[in-house]
Amino acid sequence: MLPYLARRMISLALSLLVASLVIFLLVEMVPGDPATFMLGTGAQPETLAALRAQLGLDQPLPVRYASWLLQILSGDLGQSFTYKTPVTGMILDRMQVSLPLALMALALAVLIAFPIGLFAAARRGEAGDTAIMSVTQIGIALPNFWFAMLLVLLFAVRLRWLPAGGFGGWDAPGAALRSLLLPAVALALPQAAILARVLRSALIETMDQDYIRTARAKGLSRGKTLRRHALRNALIPVLTIMGMQFSFLLAGAIIIENVFYLPGLGRMIFQAINQRDLIVVQSAVLVLVAAVIAVTFLVDLAYAAVDPRLRTR
Amino acid sequence: MRWTLILGGILAGLAMLAAALSFLWTPHDVGQMAVASKLQPLSGTYWLGTDHFGRDILSMVMVGARTSIAVAVVAVGIGMGFGVPLGLLAAAGRGGWVDEVIMRGNDLIFAFPSLVIAILITAAFGPSAVNAIIAIGIFNIPVFARVTRGAAMPIWTLDYIRAAQVAGKGRLRISLEHILPNTLNLLIVQGTIQFSLGILAEAGLSYVGLGAQPPTPSWGRMLAEAQTFVTIAPHVAIIPGLCIFATVLGLNLLGDGLRDALDPRLKVMQA
Amino acid sequence: MIALENLSVAIRGTPILRNVDLTLAPGQITGLVGESGSGKSMTALAIMGLLPRGAVAGGAVRLDGQNLLTTPESALCRIRGNRIGMIFQEPMTALNPLMTIGDQVAEVLRIHHRMSREAARARARDRLDRVGLPGPRFPLTLYPHELSGGQRQRVAIALAIAEAPDLLIADEPTTALDVTTQAQILDLLRDLVREAGMSLLLITHDLAVVAGIADQVAVMREGELVENGETEALFRNQQHPYTRALFAASRHVPARVTAQADDTPILSVRDAVREYVLARRTTFGPHEVLRAVDGVSFDIQDGESVGLVGESGCGKSTLTRAILGLDPLQGGEIRLDGEAVGPGGAMPAALRAKVQVVFQDPFGSFDPRWRVDRLLAEPFHLTGRPRNWRERVAEALSEVGIDPSAARRHIHEFSGGQRQRLAIARALIIRPRLIVLDEAVSALDVQVRAQVLDLLADLRRSHGMAYLFISHDLGVVRGVTDRVLVMDRGGIVEQGPTERVMGQPAHATTRRLMAAMPEIPADWSVV
């Protein structure tokens, strides 16, 4: 088990390192100087130089990259240019909205997709299957932010069941969950449609395998064969897609947060872009990328748990 | 199941047609603002009503189709143009260092969701439709590289490839003569799907202001601007959304239908 | 007791089986033989009640009088695996890769009886011991990928017989296995039948397998039983012309071709060594090296037909790739007509043009998108395409007995036998001096195989090229080669004139292979 996971771990750590370099260089290419931006164009050259030295901007590029990297490793993402507060704290603060939102959406997507995918695969080619597959086509084509607006129109404006936006913090957990429910549904439904289709086709492909015939010859019914033998084998492609979906959910959350005025990572990034607070953009993007890579590793762990062939290799 | 092909073709075709027609004719001038006739409902003069500046929504939607389609087409072109050769190369050198480098590079790009790439590019160079194209295009490269490699790998183990090697053909020639033609069906289907995802992504980027900039009409930005008035005049928000939905649905159905028609065993990357 | 009465099956209106009558008595082995597509497997699936979607069955399958065709699915589930067990052709894919072998055997027991997990495991242990996978070496916790093909087929047998069924159906159970493994599996099946008094329906394309094991034989053609009866009597009488044709084709030996040798051998292999670097066992451990070909030396003279036989994994495919100049050697050398062979650009086109190849799989041998003329002309890449290449293609087509008008067709329009003829035409078109036939007739039905063997003999007579005939089928090699090389664990353990090597095998490997080879007793032929 160790060699496979060890190899994946090294490979992903390298990915993260290269990603940090890419992010660093892209932000470096930004025209304009943060120090000038912070002090305004009318600042004294000496004050400017002092600030540049304080921010370490007068160092050569590789040195700045290395010191940034070391700083990150110690858990310090730097100071926001605009707010003059530690970026780490800002991001942790915003994560309290973004992470629960993405997790809620993923859980919803899985809860919807699995029963639907199993049902359709079991009734492959029949009317129920065709109907479900048509509905999922519609789900995939829905732009989630538009779907979010429609949800707001119906559930917040017309029916007044749920809030149309905003977030009051976790001190009132009930209200917080209610605020996140519509955004999570808007994010989850299109992903659930994709997941259900992938699960169905993976199940159908697995059901054509020789060992499924063996299981039927043992005396298992079609349904039991599907649940006991096909499902676990079909899980491998499904896990891949779920891993990719998490990154889509994180990115999608950035947009959805704007529909619902949620104070999450996404809103913070857009504010930072507008304020040219590059250190915040740089750090937030790095955190997002790290999250995607961490999820990839979790998916690899899940592969190894499901498939004994990976454990011995 | 041929109805998917027909319905998909009709929906996607309508979007193309509207975009093409908008070069020659639109019911009203898209730039023309008339605050007096703002937020009008659907009528004989304004078939799909007007927005908060009194602009004709039908005309804007037609010109917006142009933006969406152009961005998606170029982005798919970038993805295919780089991704397919990389995938062929990786498969030709399977197991070797070329394969390893290409696939690890792919993993790296996959760690950046297209929206994150767009955020980075926008942060660095400012928002524009071109940057949206680049962001979506970059994200398409590993998708096509992976699909091409995945389709090419099993072909490399077949006997007709060995026969070509015995006939003295090199890997490059075999890739072009045997592998590429045999992966083409799959690439067409994947291309359709990426096209629809491109339209969704462009709409999303424009919605948050990272895509096409004013005054270029775009479906995503129409939605963003309509959000404020959604309770007063829902149609302003519903119509552009419906356009995105119908075009994406059409392309997905088309992809599904093409897959069934070309080869039901094709494996396409969903999501 | 199981009886098929007037069993018919149609899929979407197309008849697949017609009026099949067959009785499978306890303690009896019934061989069901026929060519591919004759309906053998469909018969098995009809008995199991596992026919594909859209299939409609008529007549009756009676298990102690009960018609299984009209039995509801829930009741069939209690019969399958309990009273009727089945094993399939492909042991590599027949077991669930994510489940231990112990759990897979125990599952059968737990489906049909209320039984604790521990009790089921203990019984599973007992069944695995019985099929020759004893406890200490084969713990229940093994996964299928940790076993060889023959061992996996034993697991499949263990789970099929776990409930001591009345009937065991074995659908081509040894086709994917080596001769020696085949002999062991057949022995195991025979012992199980004799011991437990169960009935065995053995489905196979191989008459020799049936001759050695079956009590009664049924011959199937196009969905109908043309003849059935007690094995020896059926072989001796062969009342139906189809049985006679099948029998003749399976023993067919093409007319001898005499070779004219000259001084340089066309192929000369000296101390060839081919190694593979395996993946590391531990992350930082050393790479292990597998020596697949280990110091092989032999010659092939011009116009000579040489056989290369051995079990799978003996290194014969690796050696073939090196001879074709696809892979490098790590030691020794291979010379073709006196010049060194090597991979890629190292080997000049003119030299490469002296050797061509015909592969086993008639389906994977051709690019499905190319037309026949382009496919056949591909080797001209080595010699430059002559101006009259279309005439050359037409000529090659008629040489292999295919109408030259086929040149503009795609490969899917041809049958397996025709494809193999096209593969021979492609190898022939640049007039190579050596043709490597890599299991070239193994995938063909006996009658088609006989025709292709005749064609190969005729071509050697008219063109005088040499053959390297690689096969696991010793019977075929015996009929068509002058000399034979026996390979085992990367080395050649015995070589010499075919008749001598096979008649009086000197090496243990050769003897093992010859003993395992199923044969129809010589005196069973019809006069």
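When the range C:1-56 is filtered for residues that are of a type in the set (D, E, K, R) and in contact (Cβ under 8 Å) with a residue 60 or more places away in the chain, the ones remaining, listed by number, are C:Arg18, C:Asp21, C:Glu35, C:Lys40. Does A:Gly56 satisfy being modelled with pLDDT under 80, touching a Ser or Thr at 6+ places or on another chain (Cβ under 9 Å) and at positive phi? Yes, satisfied.
Within the range B:155-179, if we keep just the residues that are within 10 Å of another protein chain (Cβ to nearest Cβ) and open to solvent by 50 Å² or more (accessible area, probe 1.4 Å), the residue that is nearest to C:Val357 (Cα to Cα) turns out to be B:Leu158. Total residues in the range B:248-271 satisfying the condition of being open to solvent by less than 10 Å² (accessible area, probe 1.4 Å) and either more than 8 Å from chain A (Cβ to nearest Cβ) or modelled with pLDDT under 85 (or both): the figure is 4.
If I ask for residues that are free of Cβ contacts under 8 Å to residues at least 60 places away in the same chain and either touching a Cys at 6+ places or on another chain (Cβ under 6 Å) or in a helix (DSSP H, G or I) (or both), which ones from the range B:222-244 would you list?
B:Leu223, B:Ala224, B:Gln227, B:Pro234, B:Ala237, B:Ile238, B:Gly241, B:Leu242
Residues in the range C:172-193 that are modelled with pLDDT under 90 and among the charged types (D, E, K, R): 1 in all.
The set of residues from the range B:33-45 being in a loop (DSSP other than H, G, I, E, B) and surrounded by 13 or more Cβ atoms within 10 Å (Cβ to Cβ) comprises B:Met33, B:Ala34, B:Lys38, B:Leu39, B:Gln40, B:Leu42. Of the strands (runs of 3 or more DSSP E) entirely within the range C:129-242, those holding at least 2 residues that are open to solvent by 30 Å² or more (accessible area, probe 1.4 Å) and out of contact with any Gly (no Cβ under 7 Å at 6 or more places or on another chain) occupy C:224-230.
Okay, residues lined up against (1) in contact with a helix residue (DSSP H, G or I) (Cβ under 7 Å, 6 or more places away or on another chain); (2) assigned to a loop (DSSP other than H, G, I, E, B); (3) facing chain A (nearest Cβ under 9 Å):
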site	(1), (2), (3)
C:Ala44	no, no, no
C:Arg53	no, yes, yes
C:Val56	no, no, no
C:Ser74	no, no, yes
C:Glu90	yes, yes, yes
C:Ala94	yes, yes, yes
C:Asp103	no, no, no
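Against the numbered list (1) within 11 Å of chain A (Cβ to nearest Cβ); (2) within 10 Å of B:Val71 (Cβ to Cβ); (3) in a loop (DSSP other than H, G, I, E, B), B:Ala212 comes up short only at (1). When C:Gly345 is tested against (1) within 14 Å of chain B (Cβ to nearest Cβ); (2) in contact (Cβ under 8 Å) with a residue 12 or more places away in the chain, just one condition goes unmet, and that condition is (2). Entry remark, the range A:119-146: residues being part of a helix (DSSP H, G or I), touching a residue at least 40 places away in the same chain (Cβ under 8 Å) and open to solvent by 40 Å² or more (accessible area, probe 1.4 Å) number 2 in total. Note on the range B:7-32: residues that are aliphatic (A, V, I, L, M) and either open to solvent by less than 60 Å² (accessible area, probe 1.4 Å) or within 17 Å of B:Phe229 (Cα to Cα) (or both) amount to 7. Condition first: acidic (Asp, Glu) and open to solvent by 30 Å² or more (accessible area, probe 1.4 Å). Can you find one or more residues in the range B:46-53 that meet it? No, there is no match, as no residue in the range B:46-53 is acidic (Asp, Glu) and open to solvent by 30 Å² or more (accessible area, probe 1.4 Å). B:Arg221 meets the conditions (1) at pLDDT below 85; (2) within 20 Å of B:Val73 (Cβ to Cβ) in every case but one. The failed one is (1). Looking across the range A:1-12, the residues that are open to solvent by less than 70 Å² (accessible area, probe 1.4 Å), among the hydrophobic types (A, V, I, L, M, F, W, C) and within 14 Å of chain C (Cβ to nearest Cβ) come down to A:Leu5, A:Ala6. Of the helices (runs of 4 or more DSSP H) entirely within the range A:203-313, those holding at least 3 residues that are more than 14 Å from chain C (Cβ to nearest Cβ) occupy A:231-259, A:265-274, A:278-306. Looking at the range B:92-100, can you tell me whether even one residue there is surrounded by 23 or more Cβ atoms within 10 Å (Cβ to Cβ) and in contact with a helix residue (DSSP H, G or I) (Cβ under 7 Å, 6 or more places away or on another chain)? Taking every residue of the range B:92-100 in turn, none turns out to be surrounded by 23 or more Cβ atoms within 10 Å (Cβ to Cβ) and in contact with a helix residue (DSSP H, G or I) (Cβ under 7 Å, 6 or more places away or on another chain). Restricting to the range A:107-130, name every residue that is closer than 17 Å to A:Met244 by Cα and within 13 Å of another protein chain (Cβ to nearest Cβ). Those that are closer than 17 Å to A:Met244 by Cα and within 13 Å of another protein chain (Cβ to nearest Cβ): A:Ala109, A:Ala113.
The values are calculated or read from the model by the stated rules, or taken from the named source; none is laboratory data. This one's a predicted model, so the numbers in the text were calculated from it and none came from an experiment. We place every Cβ from the backbone using ideal geometry, glycine too, and count neighbours over all the protein chains shown. Keep in mind that these areas ignore ligands, DNA and RNA; they rest on the heavy atoms of the full protein, side chains included. Shrake-Rupley method; radii C 1.70, N 1.55, O 1.52, S 1.80 Å.
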